[in-house]
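The values are calculated or read from the model by the stated rules, or taken from the named source; none is laboratory data. No experiment lies behind these values; they were computed from the predicted model shown. Every residue, glycine among them, receives a Cβ derived from its backbone with ideal geometry; neighbour counts consider all protein chains shown.
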Amino acid sequence: MAARTLPCLLGLAGTVLAAPGTPSRGPKPAWSYEVAAGPGGRELGVEAQIEGGVTELTVDDGLGPFVQQAEVERNGGWIAAERRGDRLSVPSCAAGPCRVRYRFLLEQAVTEVHDRNRAFAQGGALLAPPSSWLARPLVEAPGRYRIRVSTPPGTSFVSGVFPGPEAGTYEAETSDLAEAPYSGFGPFDESRVPAEEGSVEVAVAPGDLGVSRAAIDEWARRAAAAVGGYYGRFPLRRALVIVLPSNRGRVGFGTTLGNGGGSIMIWVGRGATSAQLASDWVLTHEMIHLGIPNLPRTHRWLEEGIATYVEPLARARAGTLPAEEVWAGLVKGLPNGLPEAGDRGLDRTHTWGRTYWGGALFCFLADLEIRERTRNRRSLDDALRGILAAGGDIAVSWPLDRLLREGDRATGVPVLATLHARMGAKAEDVDLDALWRRLGVRAAGEEVSFDDKAPLAAIRRSMTAREREP
Ligand SMILES: [Zn+2]
């Protein structure tokens, strides 16, 4: 009990310090939005305050038709703002700060657009990131945007955008708004699952699940613990997981979106059992993405490669996946990542195999080389922890060079940069069978056994060991 009381006391102390006499909490945002949702979030009333210097606002592609009754303030009154496609013309915003208001027909948007990255419905929930329903200047301004959302009883708003300084607000950089985290309106069943130095908000959309609500939280807790164990802490101070019940059998597709926060959407079939949740890998994979900065599209192989490679290791270390299964998975999966005829390197060959398993192969080779060169004192873990410690998580975007530099700095050996120089722009073949022999991994069909006399057996053991070696 004592351990649980302490954080509450710290929280209270913080509140007292920031209370009366503190006129503003943080700098004034460049763009601020008041959003009043109607019942179910089917219609949103939006009022925006925008720093001046702009003449046009936009919503995401194809969502303009759902912006209705748009008006812009002029000389103390409101006049209609002309809409062309997805853009609103607001000439009176050119001179200085201005206000714009409109209604957004979210229910109609989800019906007509039906796209998981822009707007769709699931049960009674309407899912759409703020980029779909907040009109933003076409010209990016430095600074932050803030959203304050009010909802009627029975409807809640959930969002992966980081919470703002005041209750009911969300805040991030203006440059994040064009691709803001997943969000939704509806009768969500919400809970909060603690994680290492962070927490996971779990919002379950309406629908049939074959497991209890407690089993869903336990699934999220276990995935967060495995990921927190690998990274040394949960990657974000707060992330949102939206669980979408589906008609299919088990845990289905998952997708992660950051930029000013962190959010995951994951589909769970009504046939999914507690045992399937316990052995699920999808949520762990998605949560690993939370600890990697967004990279340019040409380097998506590294985002997916890290998630693919680290996921089984993280679960093995958490004690939820036997080491034999980790190695059986690598023996089976990694050949998919080898270059085929005509391959032009990882940065230029965007096939499924090269993206997921080619990226995992890069991570596997990097992990082995870091361990060999540092006598197993450093590993890919340290590189990824170093990237995270330098601020590289899904909430931000980095160029590849920065990620490689921070990773190499953390291990003290320039393995990531060197490996990328070799594998980024040209195909490099890898003798996997030779690696299995050196590691002492013997495969027979789907089964593997280990040879502890192999030269790299100690490295193999420490990769999946429950406790990190000092
Ligand atoms: Zn992924």
- Residue check, L138 touching a residue at least 60 places away in the same chain (Cβ under 8 Å), closer than 21 Å to P97 by Cα and more than 22 Å from the chain's Cα centre (by Cα): yes
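Results for (1) at pLDDT below 95; (2) part of a strand (DSSP E or B); (3) farther than 26 Å from H114 by Cα, shown as yes or no for each residue.
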residue	(1), (2), (3)
L6	yes, no, yes
G11	yes, no, yes
T15	yes, no, yes
G26	yes, no, yes
V35	no, yes, no
G45	no, yes, no
A48	no, yes, no
V54	yes, no, yes
R99	no, yes, yes
- Query: Only one of (1) touching a residue at least 40 places away in the same chain (Cβ under 8 Å); (2) more than 23 Å from G41 (Cβ to Cβ) fails for P206. Which number is that?
  - Reply: (2)
- Task: Quickly run through region 267-290 and pick out the residues that are within 12 Å of the ligand (Cβ to nearest atom) and part of a loop (DSSP other than H, G, I, E, B).
- Result: W281, L290
- Restricting region 295-307 to residues that are within 12 Å of the ligand (Cβ to nearest atom) and in contact (Cβ under 8 Å) with a residue 60 or more places away in the chain, which is farthest from Y231 (Cα to Cα)? W301
- Of all residues in region 316-341, count the ones that are assigned to a loop (DSSP other than H, G, I, E, B), in contact (Cβ under 8 Å) with a residue 60 or more places away in the chain and surrounded by fewer than 16 Cβ atoms within 10 Å (Cβ to Cβ). 1
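Looking at A203, A225, A214, which one is crowded, with 16+ Cβ neighbours inside 10 Å, at pLDDT 95 or above and not in a strand (DSSP E or B)?
Working: A203 fails: not in a strand (DSSP E or B); A214 fails: crowded, with 16+ Cβ neighbours inside 10 Å.
Sole residue among the options that is crowded, with 16+ Cβ neighbours inside 10 Å, at pLDDT 95 or above and not in a strand (DSSP E or B): A225.
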- Task: Only residues in region 274-294 that are closer than 17 Å to L209 by Cβ count as the first member; pair them with residues that are within 16 Å of the ligand (Cβ to nearest atom) and in a helix (DSSP H, G or I), Cβ under 6 angstrom, at least 6 apart or cross-chain, and list the lot.
- Result: L283/A223
- Message: Exactly one condition in (1) within 26 Å of the chain's Cα centre (by Cα); (2) more than 16 Å from the ligand (Cβ to nearest atom); (3) within 20 Å of L400 (Cα to Cα); (4) not acidic (D, E) is false for W357; which is it?
- Response: (2)
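Which residue, of I264, I242, is within 14 Å of the ligand (Cβ to nearest atom), part of a strand (DSSP E or B) and in contact (Cβ under 8 Å) with a residue 40 or more places away in the chain?
I264
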